[in-house]
Amino acid sequence: MSEEIIVVEGNGTLTGEVRVSGAKNSALKLLAATLLGQGPSVVRNVPLISDIEVMSEVLRTLGAAVTREGHAVTVDTADVSSFETPYELVSKMRASISVLGPLIGRFGRARVAMPGGCQIGARKIDMHLAGLEHLGVEFTVDHGYLEANAPDGLHGAEVMLTFPSVGATENLLMAAVTAEGTTIIENAAREPEIVDLCNMLNEMGCKVTGGGTPSITIEGVDLSELHPCDHVTVGDRIEAGTFLVGGALTGGPLKVTGIDPRFLRMALMKLREMGCDVETGEDWIGIARTGELRPVEIQTLPHPGFPTDLQAQFMLLAALADGNSVITENVFENRFMFAAELCRMGANITIEGHHAFIQGVKSLQGAPVSSTDLRAGGALVLAGVIAEGQTTVHEIRHIDRGYEDYAGKLQSLGADVKRVKA
Ligand code: UD1
(Lines give C-alpha, C1' and ligand atoms only; values in the text may rest on other atoms or scores of the structure.)
Protein backbone atom coordinates (compact mmCIF):
# COMPACT_ATOMS: atom_id res chain seq x y z
CA MET A 1 0.00 0.00 0.00
CA SER A 2 1.46 3.37 -0.96
CA GLU A 3 1.87 5.89 1.78
CA GLU A 4 -0.78 8.55 2.23
CA ILE A 5 -0.12 12.25 2.65
CA ILE A 6 -2.34 15.10 3.80
CA VAL A 7 -2.93 17.90 1.30
CA VAL A 8 -4.05 21.23 2.78
CA GLU A 9 -5.24 24.25 0.82
CA GLY A 10 -4.22 27.43 2.62
CA ASN A 11 -5.99 30.65 3.60
CA GLY A 12 -8.55 28.44 5.30
CA THR A 13 -10.95 28.89 8.17
CA LEU A 14 -11.80 26.71 11.16
CA THR A 15 -15.22 27.44 12.63
CA GLY A 16 -17.98 25.44 14.26
CA GLU A 17 -17.97 22.62 16.75
CA VAL A 18 -15.80 19.53 17.09
CA ARG A 19 -15.91 16.70 19.62
CA VAL A 20 -12.64 15.32 20.93
CA SER A 21 -12.04 11.59 21.25
CA GLY A 22 -11.00 9.81 24.42
CA ALA A 23 -7.48 10.53 25.63
CA LYS A 24 -4.83 8.42 23.91
CA ASN A 25 -2.52 8.58 26.91
CA SER A 26 -5.30 7.44 29.22
CA ALA A 27 -6.82 4.71 27.07
CA LEU A 28 -3.45 3.03 26.50
CA LYS A 29 -2.88 2.60 30.23
CA LEU A 30 -6.52 1.71 30.98
CA LEU A 31 -6.24 -1.14 28.47
CA ALA A 32 -3.01 -2.30 30.16
CA ALA A 33 -4.74 -2.14 33.56
CA THR A 34 -7.41 -4.63 32.41
CA LEU A 35 -4.73 -7.31 32.96
CA LEU A 36 -5.37 -6.96 36.70
CA GLY A 37 -9.13 -7.68 36.40
CA GLN A 38 -8.87 -11.32 35.17
CA GLY A 39 -12.06 -11.29 33.12
CA PRO A 40 -13.85 -9.13 30.51
CA SER A 41 -13.40 -5.39 31.18
CA VAL A 42 -14.91 -2.77 28.90
CA VAL A 43 -13.09 0.49 28.23
CA ARG A 44 -15.28 3.08 26.49
CA ASN A 45 -14.52 6.29 24.60
CA VAL A 46 -11.32 4.71 23.26
CA PRO A 47 -9.95 6.70 20.29
CA LEU A 48 -9.67 5.01 16.87
CA ILE A 49 -5.92 5.48 16.43
CA SER A 50 -3.02 3.20 15.57
CA ASP A 51 -1.39 3.30 19.03
CA ILE A 52 -4.51 1.64 20.44
CA GLU A 53 -4.19 -1.09 17.79
CA VAL A 54 -0.63 -1.73 18.94
CA MET A 55 -1.72 -1.95 22.59
CA SER A 56 -4.53 -4.33 21.58
CA GLU A 57 -1.90 -6.47 19.84
CA VAL A 58 0.31 -6.40 22.95
CA LEU A 59 -2.62 -7.67 25.04
CA ARG A 60 -3.47 -10.37 22.47
CA THR A 61 0.15 -11.55 22.51
CA LEU A 62 -0.21 -12.00 26.26
CA GLY A 63 -3.30 -14.19 25.70
CA ALA A 64 -6.15 -11.67 26.13
CA ALA A 65 -9.19 -11.58 23.82
CA VAL A 66 -9.59 -8.02 22.55
CA THR A 67 -12.66 -6.91 20.60
CA ARG A 68 -13.87 -3.48 19.57
CA GLU A 69 -17.34 -2.14 18.91
CA GLY A 70 -17.12 1.49 17.84
CA HIS A 71 -15.27 3.26 20.62
CA ALA A 72 -15.79 0.49 23.20
CA VAL A 73 -12.99 -2.03 23.61
CA THR A 74 -13.60 -5.26 25.54
CA VAL A 75 -10.52 -6.98 26.90
CA ASP A 76 -11.01 -10.42 28.38
CA THR A 77 -7.89 -11.13 30.39
CA ALA A 78 -9.16 -14.36 32.03
CA ASP A 79 -6.88 -16.58 29.92
CA VAL A 80 -3.75 -14.45 30.01
CA SER A 81 -0.90 -16.79 30.78
CA SER A 82 2.08 -15.17 29.06
CA PHE A 83 4.02 -12.31 30.59
CA GLU A 84 6.24 -11.53 27.63
CA THR A 85 5.97 -8.52 25.29
CA PRO A 86 8.09 -8.87 22.13
CA TYR A 87 10.47 -6.32 20.65
CA GLU A 88 8.40 -6.11 17.48
CA LEU A 89 5.61 -4.38 19.44
CA VAL A 90 7.67 -2.35 21.93
CA SER A 91 9.71 -0.95 19.05
CA LYS A 92 6.48 0.16 17.34
CA MET A 93 5.20 1.92 20.43
CA ARG A 94 7.18 2.78 23.52
CA ALA A 95 4.02 2.90 25.67
CA SER A 96 3.93 -0.91 25.34
CA ILE A 97 6.08 -0.89 28.48
CA SER A 98 2.91 0.14 30.38
CA VAL A 99 2.15 -3.58 30.69
CA LEU A 100 5.24 -4.01 32.90
CA GLY A 101 3.48 -2.81 36.07
CA PRO A 102 0.22 -4.78 35.66
CA LEU A 103 2.10 -7.95 34.64
CA ILE A 104 4.18 -7.70 37.79
CA GLY A 105 0.98 -6.97 39.75
CA ARG A 106 -0.65 -10.09 38.34
CA PHE A 107 2.16 -12.61 37.96
CA GLY A 108 4.95 -11.19 40.09
CA ARG A 109 7.04 -11.31 36.92
CA ALA A 110 7.33 -9.89 33.42
CA ARG A 111 9.60 -10.07 30.38
CA VAL A 112 9.35 -6.94 28.27
CA ALA A 113 11.61 -5.89 25.39
CA MET A 114 13.67 -2.83 26.32
CA PRO A 115 12.42 0.27 24.52
CA GLY A 116 15.05 1.86 22.33
CA GLY A 117 15.81 5.56 21.96
CA CYS A 118 13.15 7.68 20.39
CA GLN A 119 12.95 10.79 18.28
CA ILE A 120 12.15 13.06 21.22
CA GLY A 121 15.20 12.34 23.32
CA ALA A 122 16.63 9.53 25.39
CA ARG A 123 13.38 8.67 27.26
CA LYS A 124 14.91 6.38 29.83
CA ILE A 125 12.97 4.02 32.13
CA ASP A 126 15.34 4.17 35.10
CA MET A 127 12.67 5.66 37.38
CA HIS A 128 10.21 2.90 36.52
CA LEU A 129 12.82 0.32 37.49
CA ALA A 130 14.10 2.06 40.64
CA GLY A 131 10.52 2.47 41.91
CA LEU A 132 9.59 -1.15 41.25
CA GLU A 133 12.78 -2.32 42.97
CA HIS A 134 11.51 -0.66 46.14
CA LEU A 135 8.48 -2.98 45.91
CA GLY A 136 10.74 -6.06 45.82
CA VAL A 137 11.17 -6.48 42.06
CA GLU A 138 14.55 -7.63 40.75
CA PHE A 139 15.56 -6.82 37.17
CA THR A 140 18.00 -8.42 34.78
CA VAL A 141 18.61 -7.63 31.15
CA ASP A 142 18.79 -10.64 28.86
CA HIS A 143 19.41 -10.24 25.11
CA GLY A 144 17.52 -6.94 24.92
CA TYR A 145 14.74 -8.09 27.21
CA LEU A 146 14.06 -6.77 30.65
CA GLU A 147 13.25 -9.62 33.03
CA ALA A 148 11.38 -8.71 36.19
CA ASN A 149 10.90 -11.06 39.12
CA ALA A 150 9.66 -10.57 42.65
CA PRO A 151 11.13 -13.67 44.37
CA ASP A 152 9.69 -12.80 47.79
CA GLY A 153 6.46 -11.27 46.49
CA LEU A 154 5.63 -7.58 46.23
CA HIS A 155 5.64 -5.45 49.34
CA GLY A 156 4.51 -1.88 49.91
CA ALA A 157 7.14 0.86 50.17
CA GLU A 158 7.59 4.59 50.17
CA VAL A 159 8.90 5.64 46.75
CA MET A 160 10.13 9.12 45.94
CA LEU A 161 10.37 9.79 42.21
CA THR A 162 13.21 12.12 41.19
CA PHE A 163 10.89 13.62 38.54
CA PRO A 164 7.09 13.26 38.30
CA SER A 165 7.29 10.83 35.38
CA VAL A 166 3.92 9.84 33.96
CA GLY A 167 5.00 6.37 32.87
CA ALA A 168 6.88 5.57 36.09
CA THR A 169 3.92 6.68 38.24
CA GLU A 170 1.59 4.46 36.20
CA ASN A 171 3.79 1.36 36.23
CA LEU A 172 4.34 1.72 39.97
CA LEU A 173 0.63 2.19 40.61
CA MET A 174 -0.35 -0.89 38.63
CA ALA A 175 2.18 -3.09 40.42
CA ALA A 176 1.63 -1.68 43.94
CA VAL A 177 -2.12 -2.40 43.90
CA THR A 178 -1.43 -6.08 44.68
CA ALA A 179 1.62 -5.56 46.95
CA GLU A 180 1.41 -6.56 50.57
CA GLY A 181 0.98 -3.42 52.67
CA THR A 182 0.94 0.26 51.79
CA THR A 183 2.83 2.04 49.02
CA ILE A 184 3.21 5.79 48.90
CA ILE A 185 4.41 7.40 45.65
CA GLU A 186 5.87 10.82 46.41
CA ASN A 187 6.46 13.40 43.67
CA ALA A 188 3.93 11.43 41.62
CA ALA A 189 2.77 12.70 38.23
CA ARG A 190 -0.53 14.62 38.48
CA GLU A 191 -1.79 14.43 34.89
CA PRO A 192 -5.57 13.95 34.39
CA GLU A 193 -4.75 10.59 32.76
CA ILE A 194 -3.23 9.44 36.08
CA VAL A 195 -6.48 10.35 37.85
CA ASP A 196 -8.41 8.40 35.20
CA LEU A 197 -6.22 5.35 35.81
CA CYS A 198 -6.60 5.64 39.62
CA ASN A 199 -10.39 5.82 39.17
CA MET A 200 -10.46 2.71 36.99
CA LEU A 201 -8.20 0.79 39.37
CA ASN A 202 -10.57 1.64 42.24
CA GLU A 203 -13.53 0.44 40.12
CA MET A 204 -11.63 -2.88 39.82
CA GLY A 205 -11.35 -3.21 43.61
CA CYS A 206 -7.98 -1.51 44.19
CA LYS A 207 -7.49 0.92 47.06
CA VAL A 208 -5.84 4.04 45.67
CA THR A 209 -6.15 7.55 47.12
CA GLY A 210 -4.47 10.84 46.25
CA GLY A 211 -4.56 10.50 42.43
CA GLY A 212 -4.02 13.97 40.97
CA THR A 213 -1.84 15.06 43.92
CA PRO A 214 1.93 14.62 44.32
CA SER A 215 1.37 11.88 46.93
CA ILE A 216 -0.54 8.74 45.94
CA THR A 217 -1.29 6.07 48.55
CA ILE A 218 -2.01 2.49 47.53
CA GLU A 219 -3.25 -0.09 50.05
CA GLY A 220 -2.35 -3.42 48.51
CA VAL A 221 -5.14 -5.99 48.08
CA ASP A 222 -5.03 -9.66 47.14
CA LEU A 223 -5.14 -10.23 43.36
CA SER A 224 -8.20 -12.47 43.87
CA GLU A 225 -10.14 -9.45 45.16
CA LEU A 226 -9.74 -7.59 41.85
CA HIS A 227 -12.44 -7.87 39.20
CA PRO A 228 -13.19 -6.56 35.68
CA CYS A 229 -14.85 -3.16 35.23
CA ASP A 230 -16.65 -0.94 32.75
CA HIS A 231 -14.94 2.43 32.45
CA VAL A 232 -15.26 5.55 30.26
CA THR A 233 -11.97 7.21 29.18
CA VAL A 234 -11.65 10.95 29.82
CA GLY A 235 -11.49 13.34 26.85
CA ASP A 236 -8.16 14.04 25.14
CA ARG A 237 -6.84 17.39 26.40
CA ILE A 238 -4.07 17.45 23.82
CA GLU A 239 -6.46 16.91 20.92
CA ALA A 240 -8.67 19.64 22.43
CA GLY A 241 -5.67 21.96 22.77
CA THR A 242 -4.70 21.30 19.14
CA PHE A 243 -8.13 22.32 17.82
CA LEU A 244 -8.14 25.38 20.10
CA VAL A 245 -4.82 26.45 18.57
CA GLY A 246 -6.53 26.04 15.18
CA GLY A 247 -9.29 28.40 16.37
CA ALA A 248 -6.72 30.85 17.71
CA LEU A 249 -4.82 30.81 14.40
CA THR A 250 -7.81 31.39 12.15
CA GLY A 251 -9.92 33.46 14.56
CA GLY A 252 -12.68 30.87 14.92
CA PRO A 253 -15.16 30.98 16.51
CA LEU A 254 -14.60 27.35 17.36
CA LYS A 255 -16.04 25.16 20.10
CA VAL A 256 -14.43 21.96 21.34
CA THR A 257 -16.67 19.54 23.24
CA GLY A 258 -16.05 16.34 25.23
CA ILE A 259 -13.33 17.92 27.35
CA ASP A 260 -13.13 19.08 30.97
CA PRO A 261 -11.64 22.61 30.73
CA ARG A 262 -9.86 22.13 34.07
CA PHE A 263 -7.47 19.76 32.26
CA LEU A 264 -6.19 22.69 30.20
CA ARG A 265 -5.97 25.58 32.64
CA MET A 266 -2.42 26.62 31.79
CA ALA A 267 -2.92 26.32 28.02
CA LEU A 268 -6.15 28.38 28.23
CA MET A 269 -4.31 31.01 30.27
CA LYS A 270 -1.67 31.25 27.53
CA LEU A 271 -4.32 31.48 24.80
CA ARG A 272 -5.90 34.41 26.66
CA GLU A 273 -2.47 36.05 27.09
CA MET A 274 -2.01 35.73 23.34
CA GLY A 275 -5.19 37.71 22.70
CA CYS A 276 -7.87 35.03 22.37
CA ASP A 277 -11.33 35.11 23.90
CA VAL A 278 -11.82 31.81 25.70
CA GLU A 279 -15.09 30.63 27.21
CA THR A 280 -15.65 27.41 29.11
CA GLY A 281 -18.56 25.22 30.19
CA GLU A 282 -18.71 21.90 32.03
CA ASP A 283 -17.41 19.85 29.09
CA TRP A 284 -16.61 22.38 26.39
CA ILE A 285 -14.25 25.22 25.52
CA GLY A 286 -14.96 28.00 23.02
CA ILE A 287 -12.35 30.20 21.36
CA ALA A 288 -12.42 33.28 19.11
CA ARG A 289 -9.95 36.01 18.20
CA THR A 290 -10.38 39.33 16.48
CA GLY A 291 -7.19 41.26 17.40
CA GLU A 292 -3.51 40.52 16.67
CA LEU A 293 -1.86 37.44 18.18
CA ARG A 294 0.38 38.61 21.01
CA PRO A 295 3.78 37.04 21.75
CA VAL A 296 4.14 34.69 24.70
CA GLU A 297 6.60 33.04 27.09
CA ILE A 298 6.02 29.34 27.71
CA GLN A 299 7.89 26.74 29.74
CA THR A 300 6.80 23.14 29.43
CA LEU A 301 6.48 21.40 32.80
CA PRO A 302 4.73 18.38 34.30
CA HIS A 303 0.99 18.90 34.91
CA PRO A 304 -0.47 21.32 35.96
CA GLY A 305 2.33 23.14 34.12
CA PHE A 306 2.21 23.74 30.38
CA PRO A 307 2.06 20.36 28.55
CA THR A 308 5.02 19.42 26.36
CA ASP A 309 2.50 17.74 24.04
CA LEU A 310 1.15 21.21 23.11
CA GLN A 311 4.56 22.80 22.64
CA ALA A 312 4.70 22.44 18.84
CA GLN A 313 1.15 23.75 18.36
CA PHE A 314 1.90 26.85 20.47
CA MET A 315 5.19 27.37 18.63
CA LEU A 316 3.10 27.66 15.47
CA LEU A 317 0.86 30.26 17.14
CA ALA A 318 3.89 32.18 18.40
CA ALA A 319 5.38 32.08 14.89
CA LEU A 320 2.50 34.29 13.72
CA ALA A 321 2.37 36.59 16.77
CA ASP A 322 3.11 40.29 16.64
CA GLY A 323 6.51 40.23 18.40
CA ASN A 324 9.10 37.90 19.94
CA SER A 325 8.22 34.80 21.94
CA VAL A 326 10.32 32.32 23.93
CA ILE A 327 9.42 28.67 24.46
CA THR A 328 11.47 26.58 26.87
CA GLU A 329 11.20 22.78 26.71
CA ASN A 330 11.90 21.25 30.11
CA VAL A 331 10.36 17.79 29.78
CA PHE A 332 12.04 16.20 26.75
CA GLU A 333 15.38 16.61 24.99
CA ASN A 334 15.35 17.18 21.22
CA ARG A 335 11.72 18.17 21.01
CA PHE A 336 12.27 21.09 18.64
CA MET A 337 12.63 19.18 15.35
CA PHE A 338 9.31 20.75 14.36
CA ALA A 339 10.89 24.22 14.26
CA ALA A 340 12.96 23.34 11.17
CA GLU A 341 9.83 22.25 9.26
CA LEU A 342 8.00 25.41 10.27
CA CYS A 343 10.95 27.55 9.13
CA ARG A 344 10.60 25.91 5.70
CA MET A 345 7.14 27.51 5.64
CA GLY A 346 8.59 30.94 6.43
CA ALA A 347 8.70 31.02 10.25
CA ASN A 348 11.62 32.73 11.99
CA ILE A 349 12.77 30.49 14.85
CA THR A 350 16.19 30.10 16.46
CA ILE A 351 16.90 27.16 18.76
CA GLU A 352 19.49 27.46 21.53
CA GLY A 353 19.66 24.41 23.76
CA HIS A 354 16.20 23.91 25.22
CA HIS A 355 15.01 27.42 24.31
CA ALA A 356 13.24 28.42 21.11
CA PHE A 357 13.32 32.12 20.20
CA ILE A 358 10.48 32.92 17.86
CA GLN A 359 10.23 36.15 15.94
CA GLY A 360 6.67 36.51 14.68
CA VAL A 361 6.07 36.80 10.92
CA LYS A 362 2.98 38.10 9.10
CA SER A 363 2.22 34.89 7.19
CA LEU A 364 3.45 31.40 6.31
CA GLN A 365 3.80 29.87 2.85
CA GLY A 366 2.52 26.43 1.92
CA ALA A 367 5.29 23.87 1.35
CA PRO A 368 5.96 20.14 1.39
CA VAL A 369 6.77 19.22 5.01
CA SER A 370 7.23 16.09 7.12
CA SER A 371 5.72 15.15 10.48
CA THR A 372 8.65 14.66 12.81
CA ASP A 373 6.42 13.27 15.56
CA LEU A 374 2.76 13.04 16.45
CA ARG A 375 2.16 16.55 17.79
CA ALA A 376 4.42 18.20 15.23
CA GLY A 377 2.34 16.47 12.56
CA GLY A 378 -0.87 17.88 14.03
CA ALA A 379 0.65 21.37 14.09
CA LEU A 380 1.96 21.18 10.50
CA VAL A 381 -1.53 20.48 9.16
CA LEU A 382 -2.79 23.55 11.07
CA ALA A 383 0.10 25.56 9.66
CA GLY A 384 -1.09 24.48 6.19
CA VAL A 385 -4.61 25.72 6.93
CA ILE A 386 -3.36 29.24 7.71
CA ALA A 387 -0.55 29.37 5.11
CA GLU A 388 -0.70 30.90 1.63
CA GLY A 389 -1.03 28.20 -1.04
CA GLN A 390 -0.87 24.43 -0.76
CA THR A 391 0.91 22.37 1.91
CA THR A 392 1.56 18.64 1.69
CA VAL A 393 2.24 16.90 4.98
CA HIS A 394 4.25 13.67 4.71
CA GLU A 395 4.95 10.89 7.25
CA ILE A 396 1.36 11.13 8.46
CA ARG A 397 1.60 7.75 10.18
CA HIS A 398 2.76 9.84 13.16
CA ILE A 399 -0.56 11.74 13.10
CA ASP A 400 -2.52 8.48 12.83
CA ARG A 401 -0.86 7.26 16.03
CA GLY A 402 -2.77 9.75 18.12
CA TYR A 403 -5.38 11.85 16.29
CA GLU A 404 -8.61 10.08 15.35
CA ASP A 405 -9.79 11.12 11.87
CA TYR A 406 -7.81 14.36 12.03
CA ALA A 407 -8.40 15.33 8.40
CA GLY A 408 -12.12 14.53 8.70
CA LYS A 409 -12.55 16.61 11.86
CA LEU A 410 -10.72 19.59 10.30
CA GLN A 411 -12.90 19.27 7.18
CA SER A 412 -16.01 19.38 9.38
CA LEU A 413 -14.69 22.74 10.68
CA GLY A 414 -14.50 24.06 7.12
CA ALA A 415 -10.84 23.50 6.24
CA ASP A 416 -9.79 22.07 2.89
CA VAL A 417 -7.77 19.12 4.19
CA LYS A 418 -7.68 15.71 2.52
CA ARG A 419 -5.75 12.48 2.61
CA VAL A 420 -4.45 11.27 -0.71
CA LYS A 421 -2.16 8.46 -1.85
CA ALA A 422 1.35 9.81 -2.29
C1 UD1 B 1 3.91 10.51 28.74
C2 UD1 B 1 3.06 10.70 27.52
C3 UD1 B 1 3.66 11.73 26.59
C4 UD1 B 1 3.95 13.02 27.34
C5 UD1 B 1 4.75 12.74 28.60
C6 UD1 B 1 4.96 13.97 29.46
C7 UD1 B 1 2.06 8.52 27.20
C8 UD1 B 1 1.94 7.31 26.34
N9 UD1 B 1 2.93 9.44 26.80
O10 UD1 B 1 5.15 9.97 28.28
O11 UD1 B 1 2.75 11.99 25.52
O12 UD1 B 1 4.68 13.90 26.51
O13 UD1 B 1 4.09 11.75 29.40
O14 UD1 B 1 3.75 14.55 29.76
O15 UD1 B 1 1.35 8.67 28.18
N16 UD1 B 1 12.35 9.97 32.30
C17 UD1 B 1 13.54 9.45 32.76
N18 UD1 B 1 13.50 8.24 33.39
C19 UD1 B 1 12.34 7.53 33.55
C20 UD1 B 1 11.14 8.07 33.08
C21 UD1 B 1 11.16 9.29 32.44
O22 UD1 B 1 14.58 10.05 32.64
O23 UD1 B 1 12.38 6.43 34.14
C24 UD1 B 1 12.35 11.28 31.61
C25 UD1 B 1 12.01 11.13 30.13
O26 UD1 B 1 13.15 10.83 29.37
C27 UD1 B 1 11.43 12.49 29.83
C28 UD1 B 1 10.75 12.91 31.15
O29 UD1 B 1 11.34 12.09 32.15
O30 UD1 B 1 12.46 13.40 29.54
C31 UD1 B 1 9.25 12.75 31.16
O32 UD1 B 1 8.90 11.43 30.92
P33 UD1 B 1 7.52 10.78 31.37
O34 UD1 B 1 6.74 11.74 32.20
O35 UD1 B 1 7.82 9.45 31.95
O36 UD1 B 1 6.77 10.63 29.99
P37 UD1 B 1 6.16 9.31 29.34
O38 UD1 B 1 5.40 8.55 30.35
O39 UD1 B 1 7.21 8.62 28.55
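A compact table of results
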quantity: Test: Thr77 is more than 21 Å from the chain's Cα centre (by Cα), surrounded by fewer than 15 Cβ atoms within 10 Å (Cβ to Cβ) and of a type in the set (Val, Ile, Thr); calculated: no
quantity: Among the candidates Gly353, Gly346, residue that is at positive phi and within 16 Å of the ligand (Cβ to nearest atom); calculated: Gly353
quantity: Some residue of segment 312-325 being surrounded by fewer than 19 Cβ atoms within 10 Å (Cβ to Cβ), in contact with a strand residue (DSSP E or B) (Cβ under 8 Å, 6 or more places away or on another chain), small (Gly, Ala, Ser) and not in a loop (DSSP other than H, G, I, E, B); calculated: no
quantity: Per-region count, segment 67-90, residues over 29 Å from Asp142 (Cα atoms), of a type outside the set (Asp, Glu) and assigned to a strand (DSSP E or B); calculated: 6
quantity: The listed residue being among the β-branched types (Val, Ile, Thr), surrounded by fewer than 19 Cβ atoms within 10 Å (Cβ to Cβ) and closer than 24 Å to Leu62 by Cα, out of Val112, Val141, Val137; calculated: Val141
quantity: Near pairs, Cβ below 6 angstrom, 6+ apart or cross-chain, from segment 385-408 (of a type in the set (Phe, Trp, Tyr)) to any residue that is modelled with pLDDT of 95 or more and part of a helix (DSSP H, G or I); calculated: Tyr403/Gly378; Tyr406/Ile399
quantity: Residues of segment 32-48 classified as assigned to a strand (DSSP E or B) and either among the acidic types (Asp, Glu) or crowded, with 19+ Cβ neighbours inside 10 Å (or both), total; calculated: 2
quantity: Selected residue (only one of Glu193, Glu219, Glu170 is in contact with a Lys or Arg (Cβ under 6 Å, 6 or more places away or on another chain), of a type in the set (Asp, Glu), closer than 17 Å to Val99 by Cβ and modelled with pLDDT of 95 or more); calculated: Glu170
quantity: Those strands (runs of 3 or more DSSP E) lying entirely in segment 91-202 with at least 2 residues more than 16 Å from the ligand (Cβ to nearest atom) and closer than 29 Å to Val232 by Cβ; calculated: 182-186
quantity: Residue in segment 57-77 that is over 15 Å from His231 (Cβ atoms), at pLDDT below 95 and either of a type outside the set (A, V, I, L, M) or touching a Ser or Thr at 6+ places or on another chain (Cβ under 7 Å) (or both) present; calculated: no
quantity: Every pair of residues 6+ apart whose Cβ atoms lie under 7 Å, when the first sits in segment 26-44 and is in contact (Cβ under 8 Å) with a residue 40 or more places away in the chain and aromatic (Phe, Trp, Tyr) while the second is away from the ligand (no atom under 16 Å from the Cβ) and assigned to a helix (DSSP H, G or I); calculated: none
quantity: Selection within segment 205-216 - more than 22 Å from Gly39 (Cβ to Cβ) and crowded, with 18+ Cβ neighbours inside 10 Å; calculated: Gly211, Ile216
quantity: Hits in segment 220-254 - residues which are crowded, with 21+ Cβ neighbours inside 10 Å, away from the ligand (no atom under 16 Å from the Cβ) and in a helix (DSSP H, G or I); calculated: Phe243, Leu244, Val245, Gly246, Gly247, Ala248, Leu249, Thr250
quantity: Residue identified as crowded, with 20+ Cβ neighbours inside 10 Å, more than 20 Å from Ser26 (Cβ to Cβ) and touching a residue at least 12 places away in the same chain (Cβ under 8 Å) among Ile298, Ile259, Ile285; calculated: Ile298
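The values are calculated or read from the model by the stated rules, or taken from the named source; none is laboratory data. The model shown is predicted, which means the values in this text are computed figures rather than measured ones. Cβ sites come from the backbone with ideal geometry, for glycine too, and all protein chains shown count toward neighbours.
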